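Asker: Structure in structure tokens, see below.
The values are calculated or read from the model by the stated rules, or taken from the named source; none is laboratory data. Only a predicted model underlies this, so the values are computations on that prediction, with no experimental measurement involved. Here Cβ is always computed from backbone atoms with ideal geometry, including for glycine, and neighbour counts include all displayed protein chains. Please note that ligands, DNA and RNA were not included when accessible areas were found on the heavy atoms of the full protein model with its side chains. Shrake-Rupley method; radii C 1.70, N 1.55, O 1.52, S 1.80 Å.
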Amino acid sequence: MTTSLPGKNDRQRQLEAFSRLLDVMDDLREKCPWDRKQTMESLRHLTIEETYELSDAILKGEVQEVKKEIGDIMLHLVFYAKIASEQGAFDIADVLNAQCEKLIFRHPHIYGDTKADSEEEVKQNWERLKLKEGNKSVLGGVPQSLPALVKAMRIQEKARGAGFDWDDKTQVWAKVQEELNEFASEFNIEDSAAIDQQRATAEFGDLLFSLINFARFAGINPEEALERTNLKFISRFQYIETEAAKDGKRLQDMTLQEMDFYWNKAKKL
């Protein structure tokens with residue numbers, strides 16, 4: 001017996017659920033003082049927060065939380081479309097149809113005669129088609145407000161889509177070593193003289209950029225890698241706090257060696 005994927009052949013139920021969300025949004029906008037007061041600007045920071053909450057749930061592997069956070073973001077998207085429809089700018093149907101048209105146009109290997117047998121060819125076609133749509137620069141689509149680490153990754157991905165990239169990871173690693181040496185020359189740990197902060201900052205930025213580049217070649221998402229390390233550090237540090245308290249100790253009264261004892265115990269867990 002063949003088992004279909006969940007939702008694959010249940011389009012009517014999905015459409016009814018989406019229609020229900022639109023009806024609820026209409027009710028809230030009409031009857032709730034808070035919802036009636038909201039604007040695109042007032043919702044913006046809340047949407048960013050919800051996006052980070054979705055990211056947290058994904059990293060933690062909490063599937064039910066992922067479902068909840070998707071719902072929160074979906075509400076925000078419907079909310080923006082509702083506000084725009086009140087202004088006579090567009091409605092949710094315009095949003096969805098425009099997205100469908102864009103996806104069809106940017107996937108000529110599915111909806112046209114173009115061939116793309118690899119992920120890399122798909123990405124290159126994507127960037128070429130974006131330029132045809134009127135984008136003046138391959139890098140023009142990278143949001144300015146992205147966190148710097150994520151932005152570096154996106155810049156490098158887009159440059160690669162235009163054919164501007166290293167040939168293999170050995171070249172990228174050599175660049176990492178070069179940038180590390182240049183940073184070391186600015187920040188000489190054996191020299192007590194004050195460093196040139198501006199030059200050292202620039203070299204450190206170059207080093208980070210090259211490390212992100214190498215991570216990309218190694219198939220590592222640097223943002224995810226750093227966040228997982230953040231979570232690991234938080235977990236181990238909180239273990240130190242909890243276990244030290246059980247032993248009647250306060251962190252501010254402990255030596256580094258004493259804290260290291262608990263830290264090493266946390267690493268073994």
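Asker: Looking at Leu103 and the list (1) modelled with pLDDT of 95 or more; (2) part of a helix (DSSP H, G or I), which single condition is not satisfied?
Answerer: (1)
Every residue, every condition in (1) touching a residue at least 40 places away in the same chain (Cβ under 8 Å); (2) open to solvent by 70 Å² or more (accessible area, probe 1.4 Å); (3) over 22 Å from Glu223 (Cβ atoms); (4) not in a helix (DSSP H, G or I), yes or no:
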residue: His45; (1), (2), (3), (4): no, yes, no, no
residue: Ile58; (1), (2), (3), (4): no, yes, no, no
residue: Glu69; (1), (2), (3), (4): no, no, no, no
residue: Met74; (1), (2), (3), (4): yes, yes, yes, no
residue: Tyr80; (1), (2), (3), (4): yes, no, yes, no
residue: Val95; (1), (2), (3), (4): no, no, yes, no
residue: His109; (1), (2), (3), (4): no, no, yes, no
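Asker: Let me ask something additional. With the requirement that a residue be surrounded by fewer than 16 Cβ atoms within 10 Å (Cβ to Cβ) and outside any loop (DSSP other than H, G, I, E, B), what does the range 209-225 give you? Step through it out loud before you land on a result.
Answerer: Filtering the range 209-225 for residues surrounded by fewer than 16 Cβ atoms within 10 Å (Cβ to Cβ) gives 218-221, 224-225.
Correct list: Glu224, Ala225.
Asker: In addition: Taking Gln156 as the residue in question, decide whether it is open to solvent by less than 50 Å² (accessible area, probe 1.4 Å) and part of a helix (DSSP H, G or I).
Answerer: Yes: the conditions hold for Gln156.
Asker: In the range 181-207, what residues are open to solvent by less than 80 Å² (accessible area, probe 1.4 Å) and either part of a loop (DSSP other than H, G, I, E, B) or hydrophobic (A, V, I, L, M, F, W, C) (or both)?
Answerer: Phe183, Ala184, Asn188, Ala193, Ile195, Asp196, Ala200, Ala202, Leu207
Asker: Which of the residues belonging to the range 78-121 are acidic (Asp, Glu) and either touching a strand residue (DSSP E or B) at 6+ places or on another chain (Cβ under 8 Å) or farther than 30 Å from Ser19 by Cα (or both)?
Answerer: Within the range 78-121, Asp113, Asp117, Glu119, Glu120, Glu121 qualify.
Asker: For the range 111-123, how many residues meet the condition of being loosely packed, with under 10 Cβ neighbours inside 10 Å and assigned to a helix (DSSP H, G or I)?
Answerer: Number satisfying all stated conditions: 1.
Asker: What number of residues within the range 160-180 are assigned to a loop (DSSP other than H, G, I, E, B) and open to solvent by 70 Å² or more (accessible area, probe 1.4 Å)?
Answerer: 3
Asker: Right, here's the next one. Kindly evaluate Arg228 against the criterion of being in contact with a helix residue (DSSP H, G or I) (Cβ under 9 Å, 6 or more places away or on another chain), touching a residue at least 24 places away in the same chain (Cβ under 8 Å) and open to solvent by 80 Å² or more (accessible area, probe 1.4 Å). Show your work before the answer.
Answerer: Numbers: in contact with a helix residue (DSSP H, G or I) (Cβ under 9 Å, 6 or more places away or on another chain): yes; touching a residue at least 24 places away in the same chain (Cβ under 8 Å): yes; open to solvent by 80 Å² or more (accessible area, probe 1.4 Å): yes.
Yes, satisfied.
Asker: For the range 124-151, name all the residues that are in contact with a Pro (Cβ under 8 Å, 6 or more places away or on another chain) and either at pLDDT 85 or above or loosely packed, with under 11 Cβ neighbours inside 10 Å (or both).
Answerer: Leu149, Lys151
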